[in-house]
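Accompanying notes for the structure given below.
The values are calculated or read from the model by the stated rules, or taken from the named source; none is laboratory data. Bear in mind that the values here come from a model prediction, so they are computed numbers and not experimental data. Cβ atoms come from the backbone with ideal geometry, glycine included; neighbour counts cover every protein chain shown. Calculation scope for accessible area: heavy atoms of the full protein, side chains included, ligands and nucleic acids excluded. Shrake-Rupley method; radii C 1.70, N 1.55, O 1.52, S 1.80 Å.
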There are 2 protein chains.
Amino acid sequence: MEGELGSREEAARWLDADERRTWLALVSVLVRLPSALDAQLQRDAGISNFEYQVMAGLSEAPDRTMRISDLAALAEGSLPRMSQVIARLEKRGWVRRAPDPGDGRYTLAIMTDAGWAKVVETAPGHVEAVRRLIFDPLTKAQPRQLHDICRRIMGAIDPDDQCPDRLDRPSAKR
Amino acid sequence: MEGELGSREEAARWLDADERRTWLALVSVLVRLPSALDAQLQRDAGISNFEYQVMAGLSEAPDRTMRISDLAALAEGSLPRMSQVIARLEKRGWVRRAPDPGDGRYTLAIMTDAGWAKVVETAPGHVEAVRRLIFDPLTKAQPRQLHDICRRIMGAIDPDDQCPDRLDRPSAKR
DNA sequence: TCAGATGAGTTGCACCGTTAAATGATTATG
DNA sequence: CATAATCATTTAACGGTGCAACTCATCTGA
């Protein structure tokens with residue numbers, strides 16, 4: 001059991017040299033980009049990237065209010081995780097909970113004024129980081145290429161869920 | 001403190017609509033692709049993606065032996081993390097430890113025959129997943145575009161570390 | 001040779017995420 | 001209308017990761 005790898009699994013199609021280079025480069029980005037973004041937010045705002053995404057999503061919702069389950073879907077996280085995140089944000093005074101008046105099974109997460117202020121304060125630095133790490137180093141044509149590539153990969157991962165359409169800034173109020 | 005966002009931080013440059021779409025698509029990939037790859041490995045082989053990267057890296061080293069610190073650098077993980085991963089792999093009989101004869105400060109991680117067998121057995125399914133999720137949905141031109149984009153982003157994150165040059169299969173022995 | 005400095009690795013602790021079971025509310029069914 | 005089934009959320013137990021403190025080996029400079 002050592003030579004000729006692929007004796008079963010119908011002789012897997014290995015990656016060629018170019019594909020391997022591409023794959024390794026992608027893996028690096030997959031590992032380092034999230035941690036770089038997390039580092040910026042943690043350092044400058046004391047929150048995680050995930051927490052920021054939740055805050056940003058909530059800040060753009062009507063009345064800055066959303067059901068926890070919708071928020072979980074939006075931020076692509078599990079329900080228990082979202083429950084804990086909301087608990088943390090609530091403890092910091094940025095969000096409060098209320099049962100959904102229409103259906104008591106749902107819990108609404110409501111962003112407080114302090115939460116809104118936090119997003120407004122945090123967003124510019126975060127967007128700046130996104131721009132610096134992603135858009136600045138790319139040529140004019142590459143963002144479009146990247147977009148197409150990401151859509152195709154997402155299509156392969158999950159034919160449904162074509163990435164939620166959400167803004168990434170505190171919705172310019174009014 | 002609520003309107004006109006960006007009163008400080010010298011009026012941040014917001015993302016325009018195209019950039020935002022690209023950014024959201026990339027975020028989805030950043031979240032879902034690693035978890036999809038993890039799911040495949042967990043389901044078919046009972047190991048995490050990170051553990052597999054470590055095993056794969058070790059399987060290609062001379063004598064299937066590497067210093068733990070080099071392995072940590074290769075897999076882009078911290079030293080404590082690598083120490084624990086090696087401990088897990090050792091417990092499963094796939095790796096053993098030995099002090100470096102040349103310099104007792106280093107510890108060598110040595111892949112056992114069982115570990116080699118595990119990699120040989122696991123690799124095809126993993127490569128298949130990589131191919132299915134990434135290369136199959138892309139056009140002929142896109143892998144090269146993706147490679148260039150990733151290199152540029154990595155350059156912005158960390159001008160050094162131009163992603164380790166490592167293979168991604170059990171090096172065909174001999 | 002010996003005390004201190006450096007460096008690899010490990011360990012303890014806190015935090016975060018996942019999974020599975022528990023809770024509370026609502027709807028379906030008899 | 002009572003009971004069961006379903007759904008959103010929470011809670012509990014467990015595993016993995018980062019950080020800081022600790023151990024041990026080696027090197028440095030008298």
### Query
Counting only heavy atoms of protein chains, what accessible area per residue, in Å², does segment B:47-157 have with a probe of 1.4 Å?
43
### Task
Output the relative contact order of chain A, whole-number percent, from Cα pairs under 8 angstrom with separation of 6+ residues.
21
### Query
Out of A:49, A:122, A:59, whose Cα points farthest toward the positive end of the dipole of segment A:47-157 (charges: +1 Lys, Arg; -1 Asp, Glu; placed on Cβ)?
A:49
### Other-copy label distances relative to residue B:158, 7 angstrom Cα-Cβ extension, nm
2.9
### Message
So for each of B:37-45, B:53-61, B:97-105 I average, over its residues, the number of other beta carbons within 10 Å; can you give me the resulting order with the highest mean first?
### Response
B:53-61, B:37-45, B:97-105
### Task
For residue A:38, place a label point 7 Å out from Cα along the Cα→Cβ vector, do the same in each other copy, and report the separations in nm, one decimal, smallest first.
1.0
### Shielding score for B:31-42, defined as the mean number of other chain Cβ atoms within 10 Å
3
### Query
Please state the equivalent ellipsoid semi-axes for segment B:25-71: what are the square roots of 5 times the Cα gyration tensor eigenvalues, largest first, in whole Å?
26, 14, 7
### Message
At 27 angstrom or more along the helix axis (alpha-carbon based) and mean Kyte-Doolittle of 0.0 or higher, what helices does chain A contain? Whole DSSP H runs only.
### Response
A:17-45
### Query
Counting only other chains, what is the mean number of Cβ atoms within 10 angstrom of the Cβ of each residue in peptide A:137-145?
5
### Task
Identify, for chain A, the residue whose C-beta comes nearest the rotation axis onto chain B, and round that distance to whole Å.
A:145, 2
### Message
Rounded, prolate or oblate for segment B:51-160? Axes are the square roots of the Cα gyration tensor eigenvalues, ordered a ≥ b ≥ c, and the cut-off for rounded is a/c under 1.5.
### Response
oblate
#### Entry: Helix-only [θ]222 nm of chain B, DSSP H runs n ≥ 4, -39500 (n - 2.57) each, per residue, nearest 500
-18000 deg cm²/dmol
### Query
Just counting partner chain Cβ atoms within 10 Å, what average do the residues of peptide A:96-104 show around their Cβ?
0
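Ignoring ligands, DNA and RNA, what percent of the 1.4 Å accessible area of segment A:47-157 is carbon and sulfur? The partial results should precede the final answer.
Numbers: 2420 of 4790 Å².
Solvent-exposed carbon and sulfur of segment A:47-157 make up 51 percent of the total.
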### Query
Dividing the convex hull volume of the Cα atoms of the protein assembly as shown by its residue count, what figure in Å³ per residue is obtained?
166
### Task
Would you mind calculating the gained length between residue A:98 and residue A:48 on full extension (0.36 nm times residue separation, minus the Cα-Cα distance), in nm to one decimal?
15.6 nm
